[in-house]
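Some notes on the structure that comes next.
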Amino acid sequence: MSLRTAALSRMPKLCLALLALAVGGRADTEQTLKPLADNKQPTALTNAPIRALLLGHSHADVTAQLLAESFAKNCSVAFDIRSDWQAVLRKPDFDKGYDVIVYFICDPECRDRELIDSALQATRNGKGTVLIHGTLHTFRHVPAWTELLGVRTITHDGYRELNIKKAGKDHPVTKALPDSWQTPGDELYAHEYVVKGVTPLLTAYSVQHTNDNVVAWAHTYGQGRVFGTSLGHDLKTLDTVPFQLLLARGLEWAAGRERPQ
């Protein structure tokens with residue numbers, strides 16, 4: 001009889017029973033941790049708050065914190081807010097651990113390709129991306145940024161009331177929005193063109209350019225979903241319920257969490 005066999009034979013029956021239970025329990029645990037078929041995620045993970053990185057700073061009377069709170073009114077989201085957005089974009093894998101990156105920045109004359117390429121790569125590799133207001137004019141002189149944005153714009157109309165109309169009625173982002181609504185004040189960004197493949201979601205009429213302009217849209221860049229809106233200059237828009245709903249649904253869609261139709 002080997003030493004191991006002899007030792008086991010001397011164990012009390014209770015110890016042997018506990019040993020068998022421990023081995024069996026570990027086997028069951030390992031089985032439950034196997035990947036689910038068809039890449040389905042556990043319900044607990046699917047229902048977890050969206051992890052979002054908000055890169056931005058105050059614009060007019062809208063702070064990054066107020067913007068984050070507006071998103072959270074209609075969806076479950078946990079934000080990390082960083083005002084040092086340039087330093088963040090210079091870090092490798094700055095987007096790691098997040099479902100979506102929200103850009104609320106305004107630096108129209110910046111042409112720093114390190115920053116631009118970092119943002120582009122994150123979206124291209126599948127990271128959800130949300131672009132708001134002044135972000136559209138940031139990096140506006142770099143064509144590669146326009147491809148991510150989905151629109152080309154370098155100017156905007158004077159500040160005034162805007163009548164917003166729904167263009168993409170069946171899109172998950174705008175499904176729950178009214179067909180039209182009004183913001184008591186905002187800047188209408190004039191678009192030179194819309195990138196091929198972009199889905200217009202909302203439009204508003206430009207008095208200065210006498211035509212309709214897309215003010216919210218969705219598309220894909222590489223493997224990443226992109227939602228953008230030129231609205232949101234100040235609290236007059238941020239405090240409107242349809243805009244708050246637009247932000248929430250746009251964030252959910254970009255993060256791959258769109259609600260059932």
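Structure notes:
- Selection of first residues in the range 122-148 that are without any contact (Cβ under 8 Å) to a residue 60 or more places away in the chain and of second residues that are among the aliphatic types (A, V, I, L, M) and in a helix (DSSP H, G or I), restricted to Cβ pairs under 7 Å at least 6 apart or on distinct chains, gives the following pairs, ordered by first then second residue: Phe139/Ile116; Val142/Ile116; Ala144/Ile116; Ala144/Leu120; Trp145/Ile116.
- Filter result for the condition that a residue is closer than 24 Å to Asn211 by Cα, in contact with a strand residue (DSSP E or B) (Cβ under 8 Å, 6 or more places away or on another chain) and in the same structural domain as Asp212 (by TED's automatic domain parsing), over Leu89, Leu120, Leu162: Leu162
- Condition met for His219 (assigned to a loop (DSSP other than H, G, I, E, B) and touching a residue at least 24 places away in the same chain (Cβ under 8 Å)): no
- Test result for Cys110, in contact (Cβ under 8 Å) with a residue 40 or more places away in the chain, assigned to a loop (DSSP other than H, G, I, E, B) and assigned by TED's automatic domain parsing to the domain that holds Phe139: no
- Extreme residue, nearest to Leu136 (Cα to Cα), among residues of the range 181-192 that are out of contact with any Asp or Glu (no Cβ under 9 Å at 6 or more places or on another chain) and surrounded by 13 or more Cβ atoms within 10 Å (Cβ to Cβ): His191
- Residue list for the range 125-154, restricted to those being within 16 Å of the chain's Cα centre (by Cα), surrounded by 17 or more Cβ atoms within 10 Å (Cβ to Cβ) and not in a strand (DSSP E or B): Lys127, His133, Thr135, Leu136, Leu148, Leu149, Gly150
- Answer residue from the range 197-212, given it is assigned to a strand (DSSP E or B) and over 15 Å from Gly168 (Cβ atoms) and is modelled with the lowest pLDDT among those: Asn211
- Evaluation of Val195 against the conditions (1) surrounded by fewer than 18 Cβ atoms within 10 Å (Cβ to Cβ); (2) over 20 Å from His137 (Cα atoms) shows that the sole unmet condition is (2).
- For the condition in contact with an Asp or Glu (Cβ under 6 Å, 6 or more places away or on another chain) and on the phi < 0 side of the Ramachandran plot, His156 qualifies.
- Within the range 133-151, the residues that satisfy the criterion of being touching a helix residue (DSSP H, G or I) at 6+ places or on another chain (Cβ under 7 Å) and more than 19 Å from Gly224 (Cα to Cα) are Phe139, Val142.
- Residue check for Thr237: among the hydroxyl-bearing types (Ser, Thr, Tyr), buried (at least 16 other Cβ atoms within 10 Å of the Cβ) and assigned to a helix (DSSP H, G or I): yes
- All positions within the range 43-65 that are closer than 17 Å to Trp85 by Cβ and at pLDDT 90 or above: Ala52, Leu53, Leu54, Leu55, Gly56, Val62, Thr63, Ala64, Gln65
The values are calculated or read from the model by the stated rules, or taken from the named source; none is laboratory data. The structure displayed is predicted, hence computed values, not measured ones. Neighbour counts run over all protein chains shown; Cβ positions are idealised from the backbone, glycine included.
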